[in-house]
1. Is segment 170-210 rounded, prolate or oblate when judged by the Cα gyration tensor, a ≥ b ≥ c being the square roots of its eigenvalues, rounded requiring a/c under 1.5 and prolate requiring a/b larger than b/c?
2. Compute the length gained on full extension between Glu217 and Glu738: take 0.36 nm times their separation in residues and subtract their Cα-Cα distance, giving the result in nm to one decimal.
3. At 0.36 nm per residue, minus the direct Cα-Cα distance, what do Ile32 and Asp138 gain on full extension? Give it in nm, one decimal, please.
4. Any chance you could run the full-extension gain for Lys718 through Lys662? It's 0.36 nm times the residue separation minus the Cα-Cα distance, nm to one decimal.
5. Based on the mean of other Cβ atoms within 10 Å per residue, sort peptides 627-638, 206-217, 225-236, 398-409 so the most packed one is first.
6. Counting only helical runs of four or more DSSP H residues, what would the 222 nm mean residue ellipticity of the chain come to if each run contributes -39,500 (n - 2.57) and the total is spread over all its residues?
7. Say R0 is 56 Å: what FRET efficiency, to the nearest 0.05, do Asp503 and Lys119 get from their beta-carbon distance?
8. Taking 20 °C and 1.002 mPa s as the conditions, I'd like the Stokes-Einstein D for segment 134-254 in µm²/s, using the Kirkwood hydrodynamic radius from alpha carbon pairs.
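Derivation of every value follows stated rules applied to the coordinates shown; laboratory data play no part. Note that this is a predicted model, so its numbers are computed, not measured. Reconstructed Cβ throughout: ideal geometry from the backbone, glycine too, with neighbour counts over all protein chains shown.
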Amino acid sequence: MKKIAVLLLVGLAMLGCKEKEYTDIIYEKPEIVPEAPSTFMSPEESMETFHLPKGFKVELVASEPMINEPVTIAWDGDGRMYVAEMNTYMQDVDATAENKPISKIKLLEDLDGDGKMDKSTVFIDSLLLPRMILPLKDELIVNETYTYDLWSYKDTDGDGVADKKQRVYFNPNRRGGNLEHQQSGLIWNLDNWVYTTYNPIRFKFKSNGEVVVDSVEVMPRGQWGLTQDDLGIMYYASAGSENPGYGFQQPAIYGDYNPKGRFAEGFIEPWPIVGTPDVQGGTKRLRPDNTLNHFTGVAGQEIYRGHKLPPSVYGDLFIPEPVGRLVRRAKVKTDRFGKRVLHNAYDQAEFMASTDLNFRPVQAKTGPDGALYIVDMYRGIIQEGNWTRKGSFLRPVIVRKGLDKNIGKGRIYRIVHEDIEPDEKPSLTNKSASELIEYLGHKNGWYRNTAQKLIILEDDKSVIPLLKEIALDNTSLLDEWFGSDKDLGLQRVHALWTLEGMDVIDKSLLQAKLKDEDKRVRITAIRLCENLFKEGDIEILDDLEELIYDPSVEVVNQLALSLRYSKYKKSTEILNTLKDRFAANEIITHSVTESLKKDDSKLEKLKEQIKGYGTGTKKSILAGYDAYNQLCITCHGPDLMGVPIGTDGLVAPPLIGSARVKGDVTTLSRILLHGLIGPIEGKEYGIMMPLKDNSDQWIADVLTYVRAMNGEGGVHRKYVSNARRKAGDREDYWTMDELMDLEKKEK
């Protein structure tokens, strides 16, 4: 008792000691440069064009010739950096030889610990536009463009070059579509599943080398970039639909929920400091000062979870905008109903902005040293070749500015604070599972997630008792008082998920954690109870029922989400109680409504809906449904009604009730094969991309699905084949006037 009193006195005394205060003061915004030259600059010259808030500074980590055309980075457990390069990306305005397999993955090493890379080795050569990399323990998982396959590469002799290659996931289908609409991600989530964008599947890597594949019907899709917060909630973005953030209201496994109001007023307006002549949307996307007025090329977003920038930066979302030559810093605020809302951290200004027209930030990453890393592809053209064809707005601008000549370079920067020293390199790869456990509570999320991953891959069962001991601890309050170098609440969260990853589900432990003082731990325990539902445990519902009255709406919402996995009558009763109790809360109401559909499936509903069609047409509809949800959904939306752009209309026209969809199937085939540009029924939308790289059957399936949703008949692949043959070597987009003229001539 005496010891506790002393601790309390010391803790109260320490509460009066303030940490160093950091202020978020934006730089004095410079004058806008409406028209800048596209001249290449050295890294040092380019860095002089960067504007950041007071106290933040940029340091060069690597540049050409060490790296060229970098698109994504990842670190192994010892802080060695893998860099994927797309060495054939848009080497001219026509994307000549883009699909030659000559791209690389480099291995970069900082030998003297100064934060700058000293050594570059070609880890893998002769790749086709590598786009996803995931370091495990002693291997790198890689995916290349146009495939679904995952390959494991290992360096068995320690020379920095991969000498062993093995395919660990095989899908015989080729992924069609253009380069911008391919999958990305490959992120090891807190829940121990590895996720990508677009694909409705996820992977689990086991210690014995097995890869488990799971289909997920309702996941968000996203484009380039994927990140997660401390509880594994992922943030998606889409350049195609000009959407800087979505899917972040709940874990992806529960579906794509994007309520109105998730952006604060004005959030979708970027604030570049240089004119943006090369924007796909043309002049409607420009302000009078020639700067971008709406996010367009959003990519490579990152929740900063490091420990070597001011504490106020932790948990903020950084969104690179390569078209606008800037990086947005968004504050993620949760309102009283549990809705997450994104706010610009600054008033009509950006965290990072440049006047260098070749500055192309395509990814942000939290580094093991606690700094924020920015991958700069540093090049003239950032848009894929389908958007630079003859007749596009971009092509003449690119030629006029000479942007097509600016290729073959690339930079990686880290953003640090002038008053905070970054950490040294990590050394985790060769640590035992018991040695890794201490990092589960590290202040840097990179350490926590990496340690969890490595412990699971090590699969040393002897650490299970220690993990349980950590999970049972409940000392977050003392952590607050004494300024511990660990976040003990998050340490418990990671201990629980690490146990799950080792296939240990302890009911008594979960029952205890449902009462944990930290809401993040309670949320975790609720999610892990889903495993008990699958095992037929009904008694745990008595413990979960008590959480109806939890003081945290986020905990209650997780309860509503998780109960969809319980088929028992009592779970339905709890959900109905939540429905009545939280009728005014749109977030919980949505979760309850979706969970009450426990026995429903979109796919099963579709099968019921198409009962009247013939066997062959049904097969085509279902294949088209799958293809639509992997690609078309980004712009046309899950309901086929078009994705809204703020209050500024739709990215793409609605497909339900569309005269084009219900009309001539040859015209419809032509639109999918070669794309569409210009007004549709007097309204302007984004460019419809060509899909001719896909097979005739793939296009016919998509058209059959879309037409079936309009009550129309299917499309046989012969119509697509005929439209393709008649177009010959056509490369230009169609316009509606051209298509209507063709229809009249052919009737």
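1. Values: a/c = 3.24, a/b = 1.68, b/c = 1.93.
The shape class here is oblate.
2. Numbers: separation 521, 0.36 × 521 = 187.56 nm, distance 3.83 nm.
Between Glu217 and Glu738, full extension yields 183.7 nm more.
3. Details: separation 106, 0.36 × 106 = 38.16 nm, distance 4.81 nm.
Net length gain for the segment: 33.4 nm.
4. On the way: separation 56, 0.36 × 56 = 20.16 nm, distance 1.79 nm.
This chain segment gains 18.4 nm when fully extended.
5. On the way: 627-638: 20.8, 206-217: 11.8, 225-236: 22.7, 398-409: 17.8.
Put in order of decreasing packing, that is 225-236, 627-638, 398-409, 206-217.
6. Details: 22 runs with 211 residues, N = 747.
So the calculated ellipticity at 222 nm is -8000 deg cm²/dmol.
7. Numbers: r = 39 Å, r/R0 = 0.70.
After rounding, the FRET efficiency stands at 0.90.
8. Numbers: Rh = 15.4 Å.
Using the Kirkwood radius from Cα pairs, D works out to 139 µm²/s.
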